[in-house]
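Novice: Structure provided below as structure tokens; questions to follow.
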Amino acid sequence: MQLIPCPWCGPREEAEFHYGGQAHVAYPEDPGALTDQEWARFVFFRDNPCGPFAERWSHSAGCRRWFNAVRDTRTYELLSVYRVGEPRPDASERDEVVS
Amino acid sequence: MTADTSVRTSPLAAWTDRLAALAPALDVAERPFLTQLTVRARDAVAVARMGEALGVAFPADPCTSTRGGGPFGDVEVLWMGPDEFLVVAGPDRRALVEDALRAAVRPARGAVVDTSAQRTTLALSGPHARDVLAHGCAIDLHPSAAPTGTCVQTLLARAGVVLRVDDAECDAFTLLVRSSFAEYLAAWLCDASVEYRAALS
């Protein structure tokens with residue numbers, strides 16, 4: 001089983017986590033001003049890259065905290081994890097692979 | 001037929017004999033009705049103040065716990081999250097500890113909630129305690145990786161538990177499990193210990 005490094009608890013089994021979709025999707029500043037199309041794009045449209053992808057994860061069976069992780073969608077390799085509120089690490093920091 | 005609700009019954013009251021029969025490979029006993037208070041507070045000063053009130057410093061590092069004696073007897077403080085702790089005290093201390101923590105957390109923002117009925121507690125020890133836990137838990141419980149005081153929330157046999165290492169050298173552990181999962185976990189422990197009972201008899 002793949003180990004996911006929780007930024008609080010350290011490496012734990014994948015089964016302890018829940019997936020939360022793409023990270024850094026900002027809530028619209030003025031939702032009322034959005035057209036239906038723009039709203040639908042915010043609610044339903046997500047990136048689907050082939051390569052590093054910033055995602056939200058929740059350590060639901062452990063500390064129950066949400067955090068962000070950059071995962072390579074081709075290899076499932078977790079390139080980095082970082083706590084909510086912290087900026088997305090630079091892709092050039094790939095040498096510091098945690099998993 | 002109506003149930004007698006005047007008598008308090010712990011979740012594993014019916015399992016006392018079956019759990020006792022696992023000795024000597026595994027010494028398991030329920031410690032029923034412990035006071036458990038969930039404390040939420042971000043303010044470091046308030047957390048330190050609560051530690052002083054209990055006589056036990058709150059754990060500073062993730063996945064650790066502290067234990068000590070103070071005005072409320074033996075108290076354990078378990079790290080549950082970056083701003084969340086579980087205070088475990090004796091069965092009859094709930095109101096006293098709750099009031100003391102509430103008074104200590106002010107004027108910072110925080111919450112002290114009685115969650116005593118949420119979980120029951122199992123004390124595990126014995127020569128095969130670590131082996132039995134390894135059947136259903138992925139955490140490395142070797143003393144070099146999990147020293148005394150380690151406290152993790154994880155899955156044991158797919159049931160969510162809080163696992164505390166009471167004494168790493170003696171293989172003594174405490175399991176806190178939700179009341180509704182307690183009988184399942186007790187049954188699983190009995191099943192997982194079968195091979196060690198055979199080896200010792």
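The values are calculated or read from the model by the stated rules, or taken from the named source; none is laboratory data. All of these numbers come straight from a predicted model, not from anything done at the bench. Please note: Cβ atoms are built from the backbone with ideal geometry, for glycine as well, and neighbour counts cover all protein chains shown.
Novice: Exactly one of (1) under 24 Å from residue B:129 (Cβ atoms); (2) of a type outside the set (Val, Ile, Thr); (3) not in a strand (DSSP E or B) is unmet by residue B:98. Its number?
Specialist: Unmet condition: (1).
Novice: While we're on this one: Under 6 Å by Cβ, and 6 or more places apart or on different chains, what pairs join a residue from region A:1-30 that is within 16 Å of residue B:139 (Cβ to Cβ) with one that is basic (Lys, Arg) and in a strand (DSSP E or B)?
Specialist: Filtered contacts from region A:1-30: A:6/A:12.
Novice: Follow-up question, since we're still on this one. Going by the structure shown, is residue A:62 touching a Lys or Arg at 6+ places or on another chain (Cβ under 8 Å), assigned to a loop (DSSP other than H, G, I, E, B) and within 30 Å of residue B:152 (Cβ to Cβ)?
Specialist: Criteria met by residue A:62.
Novice: Given the conditions (1) in contact with an Asp or Glu (Cβ under 9 Å, 6 or more places away or on another chain); (2) assigned to a loop (DSSP other than H, G, I, E, B); (3) touching a residue at least 60 places away in the same chain (Cβ under 8 Å); (4) not polar (S, T, N, Q), which single one is not true for residue B:146?
Specialist: Result: residue B:146 fails condition (3) only.
Novice: Restricting attention to region B:89-110, does a residue exist that is among the aliphatic types (A, V, I, L, M), more than 14 Å from chain A (Cβ to nearest Cβ), surrounded by 22 or more Cβ atoms within 10 Å (Cβ to Cβ) and closer than 17 Å to residue B:161 by Cβ?
Specialist: No, region B:89-110 contains no residue that is among the aliphatic types (A, V, I, L, M), more than 14 Å from chain A (Cβ to nearest Cβ), surrounded by 22 or more Cβ atoms within 10 Å (Cβ to Cβ) and closer than 17 Å to residue B:161 by Cβ.
Results for (1) in a loop (DSSP other than H, G, I, E, B); (2) hydrophobic (A, V, I, L, M, F, W, C); (3) within 14 Å of chain A (Cβ to nearest Cβ), shown as yes or no for each residue.
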site: B:5; (1), (2), (3): yes, no, no
site: B:16; (1), (2), (3): no, no, no
site: B:29; (1), (2), (3): no, yes, no
site: B:40; (1), (2), (3): no, no, yes
site: B:75; (1), (2), (3): no, yes, no
site: B:79; (1), (2), (3): no, yes, yes
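Novice: Something else: Of all the residues that make up region B:159-182, how many are farther than 20 Å from residue B:117 by Cα and either touching a Phe, Trp or Tyr at 6+ places or on another chain (Cβ under 9 Å) or not assigned by TED's automatic domain parsing to the domain that holds residue B:136 (or both)?
Specialist: Residues in region B:159-182 being farther than 20 Å from residue B:117 by Cα and either touching a Phe, Trp or Tyr at 6+ places or on another chain (Cβ under 9 Å) or not assigned by TED's automatic domain parsing to the domain that holds residue B:136 (or both): 3 in total.
Novice: Another question, if that's okay. Looking at (1) surrounded by 19 or more Cβ atoms within 10 Å (Cβ to Cβ); (2) away from chain A (no Cβ under 14 Å), which one does residue B:169 not meet, given that it meets all the others?
Specialist: (1)
Novice: Let me ask something else about it. Collect the residues in region B:149-159 that are assigned to a loop (DSSP other than H, G, I, E, B) and either without any contact (Cβ under 8 Å) to a residue 40 or more places away in the chain or within 11 Å of another protein chain (Cβ to nearest Cβ) (or both), keeping them in residue-number order.
Specialist: B:157, B:158
Novice: Kindly provide the set of residues from region A:56-81 that are surrounded by fewer than 19 Cβ atoms within 10 Å (Cβ to Cβ) and more than 14 Å from every other protein chain (Cβ to nearest Cβ), ordered by number.
Specialist: Result: A:56, A:72, A:73, A:74, A:75, A:76, A:77.
Novice: Confirm whether residue A:86 is exposed (fewer than 14 other Cβ atoms within 10 Å of the Cβ) and either at negative phi or within 12 Å of chain B (Cβ to nearest Cβ) (or both).
Specialist: yes
Novice: Can you find, within region A:1-25, the residue that is nearest to the other protein chains (Cβ to nearest Cβ) among those that are assigned to a strand (DSSP E or B) and among the aliphatic types (A, V, I, L, M)?
Specialist: Only one residue fits best here, namely A:3.
Novice: Among the residues of region A:37-51, is any surrounded by 15 or more Cβ atoms within 10 Å (Cβ to Cβ) and either touching a Ser or Thr at 6+ places or on another chain (Cβ under 9 Å) or within 30 Å of residue B:139 (Cβ to Cβ) (or both)?
Specialist: The answer is no; no qualifying residue exists.
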